[in-house]
1. Quick one: which residues, 5+ away or cross-chain, put their amide H under 5 Å from the amide H of Cys197? H built at 1.01 Å from N.
2. Using r as the Cβ-Cβ distance of Ser101 and Tyr203, and R0 as 25 Å, what FRET efficiency do you calculate, to the nearest 0.05?
3. If I compute solvent accessible area with a 1.4 Å probe over the protein chains, what percent of it on the chain is carbon and sulfur?
4. Longer than 19 Å from Cα to Cα, which of Lys24/Lys107; Lys54/Lys192; Lys47/Lys91; Lys54/Lys156 are they? Say none if no pair is.
5. Quick one: Karplus J couplings for region 36-42, per residue in order, coefficients 6.51, -1.76, 1.60, θ = phi - 60°, nearest Hz, x for Gly and Pro?
6. At 1.4 Å probe size, with every protein chain present, just tell me what the per residue accessible area of region 81-121 comes to in Å².
7. Give the long-range amide H neighbours of Ile146: residues separated by 5 or more places, or on another chain, with amide H under 5 Å away, using H modelled in the peptide plane at 1.01 Å from N.
8. Find how many whole Å separate the alpha carbon centroid of region 83-162 from the alpha carbon centroid of region 10-29.
Amino acid sequence: MIRYLWFDLGYTLVRLNREEVYQKVLEIFEVYRSREEIAMAYHLTDKMFMRDYKGMLGKDSRAYMPWYIGTLNYHLRLLLPIEEVVQVHRKLASDHPIRWSAYDGAKDTLRGLRNHGYRLGLISNWDETARSVLAENGLDEELDEIIVSSEVGMEKPDLGIFRLALERGNVSPKQSLYIGDNYYDDVVGSQKVGMHCLLINPYGKYGVEELSYRPVINGIQDVAAYLGHAKQRARDEEMERFAK
């Protein structure tokens, strides 16, 4: 039985307002794309980097930003001078800060899960700002354990960071469910240690067509429903065993 739910942070509990900022960047180049188009382009770019350049997105963005912007513009069907776009983006980001904010309903979802008896934890590849991001969004008070890579010296998918979480949570892998949006860090890492895992992808299989992994959910708001189905499956299997 699942007792402990472990969450990723970025694009699981919190998200950036990056579409708003990038729309302003494009306006300077006299180009218009809707927020929905930009969000999809970001999604596809993120998934490509997760798949082909594992761990890159967690590093200093200055090392990959021109590359990332070029891929983003490709998905937006745009041919723009990358270095100029990067410079404009940096300036606008300083004038209109890109901030991490909780998904709508994230805090209520966590509280509801706690009220149903689950313990909750975080396992995240993040720098020293992780705890302030959690606090600013009121999420820290809903978590029993917080494991951040920059604090413990290990990163997902290293099984060591998952083992540390299990030790601190005093729970077994089979009693744990990990929820995250990066297959290569979250699913691969948690499965190495024997945890169950839910993959978040708000566009179904889009952007992760190469994966046969299930289950996939749209977002954190679907966790409770999944757990309800999981409990029902467990009851059905128990009844089948009893009938035999």
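1. Hits under the 5 Å cutoff: Tyr178.
2. 0.80
3. The C+S portion of the solvent-accessible surface of the chain is 51 percent.
4. On the way: Lys24/Lys107 29 Å; Lys54/Lys192 17 Å; Lys47/Lys91 26 Å; Lys54/Lys156 10 Å.
The pairs that break the limit, which is 19 Å between Cα atoms, are Lys24/Lys107; Lys47/Lys91.
5. 5, 5, 5, 4, 5, 5, 4
6. Each residue of region 81-121 exposes 63 Å² on average to a 1.4 Å probe.
7. Leu122
8. 17 Å
The values are calculated or read from the model by the stated rules, or taken from the named source; none is laboratory data. Source: prediction; values computed, not measured. So basically every Cβ, Gly included, is an ideal-geometry build from the backbone, and we count neighbours across all protein chains shown. Side chains included, ligands, DNA and RNA excluded: accessible areas come from the protein's heavy atoms. Shrake-Rupley method; radii C 1.70, N 1.55, O 1.52, S 1.80 Å.
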